[in-house]
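Everything on this sheet refers to the single structure shown next.
The values are calculated or read from the model by the stated rules, or taken from the named source; none is laboratory data. Keep in mind that this is a model prediction, so the values were computed, not measured. All Cβ positions, even for glycine, are placed from backbone atoms using ideal geometry, and neighbour counts span all protein chains on display.
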Amino acid sequence: MPGLTFTYAVDGNDYHKAGEASRSAKFALKKLGLPPEVVRRVGICMYEGEINMVIHADGGTATLKVGMDEIEIELEDKGPGIPDLELAMQEGWSTADSQANQLGFGAGMGLPNMRRYSDEMQIDTTVGEGTTVRMIIKIR
Amino acid sequence: MKVKEIRDLLEAQILCGEDQLENDLQGVFASDFMSDILAFTDSQQILVTGMINPQVVRTAEMVDMKCIIFVRGKMPTEEIISLAEESGMIVLASRFLMYSACGILYSREEDPKPCRV
Ligand SMILES: Nc1ncnc2c1ncn2[C@@H]1O[C@H](COP(=O)(O)OP(=O)(O)OP(=O)(O)O)[C@@H](O)[C@H]1O
Ligand SMILES: [Mg+2]
């Protein structure tokens, strides 16, 4: 897919900075003049994924590919992986610790939100190796 | 509802966005859970929260909020305020509890609706 690619390193130890990559990405997409509704959906999906990488894994890499018809978001981490994906996808399921709770996370709504706001979502995860989440948002 | 009206109703202090006092904002969403904010807001422009951290600003930004109201007398740090300022957001701090702040704003809302999910 030709187009623009943005790559962000997400620090897994800096809770304070969590969400900053998505903030930069949203800013960049706005500047490209993409429809506000598309920018909003990309922002929400990437932000939920970025926060998950910080609070559940040790950070990772977020990549945004902007094509003519769609935007692809890829979030890759080398964290603990997700043992039961079906359970993790359920609204309300969370293993977030108290540090994440203090930031307002841990409602178990992130993955369901990502599914709701993306057109396609695919998760590859292996326990002990890591997780890669890929989402597509179509530009209509 | 105008920002200055909200400020007066909630006896709030305005921490940034003084230049937007005359702006007319629509719709209120209140929560301390960031994912709830991301899941359930559609076009609300005002966020009421008791959570104080930079993620509140980033979360609000993701759903295009225009104004954050911190309740329960909690004061955001300089870092949080400058993050909001950078994004052109209005920040208010009120001593009302979440329940009261929401009650006051709700009583002024023209057409309250149940959530769409
Ligand atoms: N990148 C990841 N690595 C390891 N586990 C993950 C990852 N992302 C999600 N999970 C697991 O899936 C669960 C559900 O994730 P989800 O984002 O839906 O909720 P949450 O992050 O716990 O809370 P919220 O997103 O509402 O703040 C998490 O609690 C965690 O156990
Ligand atoms: Mg999450």
Seminar exercise, completed: Residue set A:Met135, A:Met53, A:Met114, A:Met46; condition more than 10 Å from chain B (Cβ to nearest Cβ), at pLDDT 95 or above, within 16 Å of ligand 1 (Cβ to nearest atom) and under 17 Å from B:Arg58 (Cα atoms); output residue A:Met53
Seminar exercise, completed: Filtering region A:105-130 for residues that are surrounded by fewer than 20 Cβ atoms within 10 Å (Cβ to Cβ) and near ligand 2 (Cβ under 8 Å from one of its atoms) leaves a count of 1
Problem set entry | So B:Ile81, is it at pLDDT 95 or above and surrounded by 17 or more Cβ atoms within 10 Å (Cβ to Cβ) | yes
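Would you call A:Lys78 among the basic types (Lys, Arg) and at pLDDT below 95?
no
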For this session: Residue by residue through region A:109-130, note down the ones that are touching a helix residue (DSSP H, G or I) at 6+ places or on another chain (Cβ under 8 Å) and under 21 Å from A:Gly19 (Cα atoms).
Result: A:Met109, A:Gly110, A:Leu111, A:Pro112, A:Asn113, A:Met114, A:Arg116, A:Tyr117, A:Ser118, A:Met121, A:Ile123
For this session: Quick one: in region A:84-111, of everything that is more than 10 Å from chain B (Cβ to nearest Cβ), without any contact (Cβ under 8 Å) to a residue 60 or more places away in the chain and out of contact with any Gly (no Cβ under 9 Å at 6 or more places or on another chain), which residue is farthest from ligand 1 (Cβ to nearest atom)?
Result: A:Glu86
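Take the conditions within 16 Å of ligand 2 (Cβ to nearest atom) and either within 20 Å of A:Arg116 (Cα to Cα) or of a type in the set (Gly, Ala, Ser) (or both) and apply them to A:Gly60. Does it pass?
Details: within 16 Å of ligand 2 (Cβ to nearest atom): yes; either within 20 Å of A:Arg116 (Cα to Cα) or of a type in the set (Gly, Ala, Ser) (or both): yes.
Judged against the criteria, A:Gly60 is a match.
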Problem set entry | Conditions (1) out of contact with any helix residue (DSSP H, G or I) (no Cβ under 7 Å at 6 or more places or on another chain); (2) away from chain B (no Cβ under 14 Å): number failed by A:Val38 | (2)
For this session: Report, ordered by the first and then the second residue, all pairs with beta carbons closer than 6 Å, sequence separation of six or more or different chains, a first member in region A:9-25 that is within 8 Å of chain B (Cβ to nearest Cβ), and a second member that is hydrophobic (A, V, I, L, M, F, W, C) and part of a helix (DSSP H, G or I).
Result: A:Ala18/A:Ile51; A:Ala18/A:Val54; A:Ser22/A:Met46
Exercise. Since A:Lys65 meets every condition but one in (1) more than 7 Å from ligand 1 (Cβ to nearest atom); (2) at the interface with chain B (Cβ under 10 Å from one of its Cβ atoms); (3) of a type outside the set (Asp, Glu), which condition does it not meet?
Worked result: (2)
